[in-house]
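Participant: Just passing along the structure, written as structure tokens.
The values are calculated or read from the model by the stated rules, or taken from the named source; none is laboratory data. If you're wondering where the values come from, they're calculated on a predicted model, not measured in any experiment. Neighbour counts run over all protein chains shown; Cβ positions are idealised from the backbone, glycine included.
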């Protein structure tokens, strides 16, 4: 007899959908082994950049993670490398340093290294170390903003041949405040540690919403045009701006999609595109600047959000088995979770841990009116 997903027998659609989405997010994030490997490589590279042989040794560098690993929103890519971003912040004010010399110095030091040399390349604002097993690190050199306050930094921008504003620490603090998470940060003499990877059950709804948005993005734009996909920080910021403290991940995702669509419609009513500003109080930065002069990318973003919202509303309205719809949105991890759920359901049945409620629904024995008898029939004898 085929074993159906637990979602089909749900007494509480939202709670069971949440449980399924939790497990999907568990499948999406980096494995413990991959996370530990990333941390090890980050710490090894940090030790090198802080060592006496480094051109930055006397400048008392602070090295700290930014991006998805700092926010707890990692998502395994469908194809291609996973990235770990971190900042190499020097103790000097930016007006004491030539930005092009700074990024070139970082590149030359790593390019001349016996191990990192063949793996090193230059990007617009960072230096990339690319490993052979689909893994790379982007190192963002930075200086204190001599005219700014708080955690604001200046980073070299090769396209501008000058400095750009950034505030990774301020962004992390904003995200954690939005998600109502408790964050304990430390500034160490050596490299700051990458936060330990949380189990999905320890995460807040906002973190999970971001993971789901990023996975949807990767799935949807692989079919449209990957070059038009919105960048992660834009999705993360929009999710944070529209989050209102929902504890249910499915309801938080629903609110995020409705909220983002509302922001798009308000901008449209003004004859404008949606502008996504950096929420840090220390910088004025349009995180969505890639949409300026690129109507195709903005149009693809708007169409994508509208499509996601439409499909999600239909999914919620069904209040039944929505496995096919979830798989279309989030891909292979949904299949994996459903297979695991089916195995657990069968194991519970065989162990006598399932029962039937007065409404005829399969549930755990503790909530059941009638215990189900384990099926021990293995064929004719």
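Participant: Would you check which residues across the range 20-50 are over 18 Å from residue 219 (Cα atoms), surrounded by 21 or more Cβ atoms within 10 Å (Cβ to Cβ) and outside the structural domain of residue 106 (by TED's automatic domain parsing) and list them?
Facilitator: Result: 20, single match.
Participant: Residues being in a loop (DSSP other than H, G, I, E, B), free of Cβ contacts under 8 Å to residues at least 60 places away in the same chain and out of contact with any helix residue (DSSP H, G or I) (no Cβ under 7 Å at 6 or more places or on another chain): count how many of those fall in the range 276-323.
Facilitator: Within the range 276-323, the subset in a loop (DSSP other than H, G, I, E, B) is 276, 278-285, 287-288, 292-294, 319-322.
Remaining after also requiring free of Cβ contacts under 8 Å to residues at least 60 places away in the same chain: 276, 287-288, 292-294.
Subsequent filtering for residues that are out of contact with any helix residue (DSSP H, G or I) (no Cβ under 7 Å at 6 or more places or on another chain) retains 292-294.
Residues that pass the stated criteria total 3.
Participant: Taking the range 111-128 as the search range and keeping residues that are within 22 Å of the chain's Cα centre (by Cα) and not in a loop (DSSP other than H, G, I, E, B), which one is surrounded by the fewest Cβ atoms within 10 Å (Cβ to Cβ)?
Facilitator: 128
Participant: Something else now. Quick check on residue 42: is it under 30 Å from residue 333 (Cα atoms), in contact (Cβ under 8 Å) with a residue 60 or more places away in the chain and more than 13 Å from the chain's Cα centre (by Cα)? Give the derivation first.
Facilitator: On the way: under 30 Å from residue 333 (Cα atoms): yes; in contact (Cβ under 8 Å) with a residue 60 or more places away in the chain: yes; more than 13 Å from the chain's Cα centre (by Cα): yes.
Here the answer is yes, as residue 42 does meet what is asked.
Participant: Which residue out of 53, 67 is under 30 Å from residue 144 (Cβ atoms), in the same structural domain as residue 140 (by TED's automatic domain parsing) and either buried (at least 16 other Cβ atoms within 10 Å of the Cβ) or at pLDDT below 85 (or both)?
Facilitator: Working: 53 fails: either buried (at least 16 other Cβ atoms within 10 Å of the Cβ) or at pLDDT below 85 (or both).
Going through 53, 67 in turn, the sole match is 67.
Rundown of residues vs (1) surrounded by fewer than 23 Cβ atoms within 10 Å (Cβ to Cβ); (2) at pLDDT 95 or above; (3) out of contact with any helix residue (DSSP H, G or I) (no Cβ under 7 Å at 6 or more places or on another chain), yes/no style:
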{"residue": "205", "(1), (2), (3)": "no, no, no"}
{"residue": "211", "(1), (2), (3)": "no, yes, no"}
{"residue": "220", "(1), (2), (3)": "yes, yes, no"}
{"residue": "234", "(1), (2), (3)": "yes, yes, yes"}
{"residue": "237", "(1), (2), (3)": "yes, yes, yes"}
{"residue": "249", "(1), (2), (3)": "no, no, no"}
{"residue": "253", "(1), (2), (3)": "no, yes, no"}
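Participant: Taking into account only those residues within the range 74-103 that are part of a helix (DSSP H, G or I) and in contact (Cβ under 8 Å) with a residue 12 or more places away in the chain, which is nearest to residue 231 (Cα to Cα)?
Facilitator: Taking the range 74-103 as the starting set, the residues that turn out to be part of a helix (DSSP H, G or I) are 94-96, 99-103.
Subset that is in contact (Cβ under 8 Å) with a residue 12 or more places away in the chain: 94-96, 99-100, 102-103.
Values: 94: 27, 95: 30, 96: 32, 99: 25, 100: 25, 102: 26, 103: 23 Å.
Checking each candidate, the answer is 103.
Participant: All but one of (1) in a loop (DSSP other than H, G, I, E, B); (2) out of contact with any helix residue (DSSP H, G or I) (no Cβ under 9 Å at 6 or more places or on another chain); (3) within 24 Å of residue 74 (Cα to Cα) hold for residue 151, so report the exception by its number.
Facilitator: (2)
Participant: Identify, please: which residue in the range 50-69 is in contact (Cβ under 8 Å) with a residue 60 or more places away in the chain and outside any loop (DSSP other than H, G, I, E, B) and is, among those, nearest to residue 166 (Cα to Cα)?
Facilitator: The qualifying residue nearest to residue 166 (Cα to Cα) is 66.
Participant: Same structure, new question: Could you please find all residues in the range 111-134 being touching a helix residue (DSSP H, G or I) at 6+ places or on another chain (Cβ under 7 Å) and touching a residue at least 12 places away in the same chain (Cβ under 8 Å)? Can you show your working first?
Facilitator: Let us first name the residues in the range 111-134 that are touching a helix residue (DSSP H, G or I) at 6+ places or on another chain (Cβ under 7 Å), namely 111, 116-117, 120, 122, 127, 129-131.
Correct list: 116, 120, 122, 127, 129, 130, 131.
Here is a yes/no grid of residues against (1) farther than 29 Å from residue 121 by Cβ; (2) at pLDDT 90 or above:
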position: 147; (1), (2): yes, no
position: 150; (1), (2): yes, no
position: 156; (1), (2): no, yes
position: 163; (1), (2): no, yes
position: 174; (1), (2): yes, yes
position: 186; (1), (2): yes, no
position: 189; (1), (2): yes, no
position: 200; (1), (2): yes, no
